[in-house]
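Here's the structure we're looking at; comments come further down.
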Amino acid sequence: MNRARKLPVLLLVALALGLVGSCRKSDPHEGTESSARRIQVGQRLVSDGEFQRYIQRELGLNQEELEPVVAEQLREQLYAEVLLARAAERLGVSVDSLQEADEVAALEALETGASEDELKIEARRALLARAYEETVLAGEVRISPEDVASRLGKAPRLGARSFMVFRQILVEEKTVADDAYRRIVRKHEPFSSVAAELTLGPDGGAVQQVPIANLPEAAARALGSLPEGGVSRPVLVGRYYYLFQLDARNRDPDPGRAREREMIEHKLFQERFDQLRIERLGKLAREEGVRAPDLGGITR
């Protein structure tokens, strides 16, 4: 099974909840200080135009539609991609011409006015970075049956009502989270209405079902302590504050625990892959004589 994955440009908040960082409508009066920055590794200079196409290609948005913190996270991910692509080149990794043509075509469809040479460089960067992850990094990750068995022993049985059905509100500031909690609990405003107004997550407060084993520890602990219909106080998960409303706990009988083993193996792979990626980027940056990308704890 090919478990290597695409670069994590879409996982701005990840946290195993599948959330993406917030976006907003542009403000014509707001400055674009972040766009003045440049990424340079050796002679490889990334222009604002390339960064804009990177955002458009991956998110279908313009830089002005992103919160500044999200744009900076994406800039650091692009910086990481440049380092990985250069490492692939040094190893002699080749790029499939058909894949390159597809990447160029996708960039051309953005109609940004970039030259064909520019688009070829950017297409090659993306493909080389992806190839480095799939052929080099992924190949170094090893998950043994003993690793899975060890983690399995600590995991809750899926038959013990461990699928959480819930809604959530994601915000950046605790004061906003506290106010949302008061509105829901004390003023009895519907959780879904407050979520639709405030949440930065793309789910908009919609109901979702997630195995508790796949949730960050703080989120799992908060949901695990709630009665059905209960609302949690603000919970800090990574950089963001969450409110959860537990709708139900669902059963998923699996006597052989095959699904759990598969999920644990996948989760272990992701954890080790992400850690290896961060460590390797630090090493590659030192080799290039530049700073390491500041990924802020954000992985896939």
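Only the coordinates and a few stated rules stand behind these numbers; no lab work does. Values in this document were obtained by computation on a predicted structure and should not be read as measured data. Neighbour counts run over all protein chains shown; Cβ positions are idealised from the backbone, glycine included.
Measuring between their Cα centroids, region 96-141 and region 177-212 lie 39 Å from each other.
First select every other residue whose beta carbon is under 12 angstrom from the beta carbon of L281; then total the charges, Lys and Arg +1, Asp and Glu -1. Working shown, then result.
Details: positive: R86, R277, R280, K283, R286, R291; negative: E76, E81, E133, D274, E279, E287, E288, D294.
Combined, the nearby Lys, Arg, Asp and Glu give -2.
In percent, rounded to a whole number, the relative contact order of region 169-245 is 41, using alpha-carbon pairs under 8 Å and six or more apart.
Summary of packing: across the peptides 90-103, 173-186, the per-residue average of other C-beta atoms within 10 Å ranks them, highest first, as 173-186, 90-103.
Under the simplified labelling scheme, the E172-A248 pair shows an inter-label distance of 3.6 nm, with each label point 7 Å from Cα along Cα→Cβ.
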